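K.L.:
Sending over a structure as structure tokens; questions will come in a sec.
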Amino acid sequence: NMTFLMLLKAEGRSVRDHPVMRQLLELRYLMEKLRPLDAKLQYQVERLLKADEHTPDAQRPDPASLVPKDGGLDDDDGDGDD
């Protein structure tokens with residue numbers, strides 16, 4: 001949208017009533033509304049990452065334990081027509 005707007009301006013066209021301006025204004029409004037939420041989430045993520053740095057390895061989840069021991073996939077698709 002910004003590139004198209006700059007193209008119009010470079011060609012000397014009016015952008016005041018162009019639909020691109022409306023879209024850009026809507027995006028700007030959404031970004032301004034989300035800014036406080038972004039700051040709050042950033043704080044929470046940083047706090048969680050800092051807490052994770054102090055977690056001993058024995059307490060961390062082991063993704064390998066979620067893989068079946070036989071290494072194969074279960075043939076049961078749950079549809080009940082075996």
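K.L.:
Could you please find all residues in the stretch 1-31 being of a type in the set (A, V, I, L, M) and either surrounded by 10 or more Cβ atoms within 10 Å (Cβ to Cβ) or not in a helix (DSSP H, G or I) (or both)? Full working, then the answer.
P.N.:
Kept after step one, since they are of a type in the set (A, V, I, L, M), are these residues of the stretch 1-31: 2, 5-8, 10, 15, 20-21, 24-25, 27, 30-31.
Of everything in the stretch 1-31, those that are of a type in the set (A, V, I, L, M) and either surrounded by 10 or more Cβ atoms within 10 Å (Cβ to Cβ) or not in a helix (DSSP H, G or I) (or both) turn out to be 5, 6, 7, 8, 15, 20, 21, 24, 25, 27, 30, 31.
K.L.:
Exactly one of these conditions fails for residue 34: (1) loosely packed, with under 10 Cβ neighbours inside 10 Å; (2) modelled with pLDDT of 85 or more. Give me its number.
P.N.:
(1)
The values are calculated or read from the model by the stated rules, or taken from the named source; none is laboratory data. Treat the numbers as computed from the prediction; the structure is a model and nothing was measured. Note: ideal-geometry Cβ built from the backbone for every residue, glycine included; neighbour counts use all protein chains shown.
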